[in-house]
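**Student:** Pasting a structure here, questions to come.
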């Protein structure tokens with residue numbers, strides 16, 4: 001019988017565990033910013049800390065962009081945008097369909113009225129249906 005299990009892999013670089021979650025990235029960035037604030041401007045360490053901060057900010061920015069893309073794809077704003085894009089085509093189709101239905105109804109009504117008039121002519125003249133249709 002199959003069971004479920006969870007595996008976990010811990011990654012260590014230079015004896016330090018590496019985590020790839022947003023909280024860890026923000027904590028690392030805050031740590032580097034605090035360290036950089038105690039350094040002398042222009043030194044090699046200061047510049048290296050600045051590069052690391054830019055990399056971490058880029059990772060956070062990429063995360064935020066992905067989050068916005070996901071939230072936009074699941075929001076009513078996207079649905080509304082799609083509806084606005086196809087509004088003209090949908091309304092044109094509906095108007096054409098309504099026109100076809102109306103024309104069909106009018107045709108049936110006209111045929112029914114014609115049939116009633118033919119019946120009236122048949123009653124008053126005593127002619128057969130074929131004879132009434134043959135009259136021009």
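No value in this document is a laboratory result; all are computed from the given coordinates. Owing to the predicted nature of the structure, the values given are computational and were not obtained by experimental measurement.
**Student:** Which residue fluctuates most in the GNM of the chain (Cα springs below 10 Å): 38, 54, 26?
**Tutor:** Taking springs between Cα atoms under 10 Å, the residue moving most is 38.
**Student:** Continuing with this model, one more query. For P(r) over Cα pairs in 5 Å bins from 0, in percent, one of (1) 2, 7, 7, 8, 7, 6, 6, 5, 5, 5, 4, 4, 4, 4, 3, 3, 3, 3, 3, 3, 3, 2, 1, 0; (2) 2, 11, 20, 26, 22, 13, 5, 2, 0; (3) 2, 11, 18, 21, 19, 12, 8, 5, 2, 1, 0 was computed from the structure I shared and the rest are decoys. Which label?
**Tutor:** Label of the calculated value: (1).
**Student:** What 222 nm value per residue comes from the helices of the chain, counting each DSSP H run with n ≥ 4 as -39,500 (n - 2.57) and dividing by all residues, nearest 500 deg cm²/dmol?
**Tutor:** Taken over the chain, the calculation gives -26500 deg cm²/dmol.
**Student:** Springs between alpha-carbon pairs under 10 angstrom, Gaussian network model over the chain: which of 24, 37, 119 fluctuates most?
**Tutor:** 119
**Student:** Mind checking the angle between helix 76-125 and the chain's longest principal axis? C-alpha axes, 0 to 90 degrees, to the nearest 10.
**Tutor:** So the inclination is approximately 10 degrees.
**Student:** I would also like to ask the following. Before anything else, pin down the relative contact order of the chain: Cα pairs under 8 Å, at least 6 apart, normalised by residue count, whole percent.
**Tutor:** Taking the mean separation of contacting Cα pairs over the length of the chain, I get 11 percent.
**Student:** Test of understanding: in a Gaussian network model of the chain with alpha carbons linked when under 10 Å, which of 70, 32, 121 would top the mean-square fluctuation ranking?
**Tutor:** Largest GNM mean-square fluctuation: 121.
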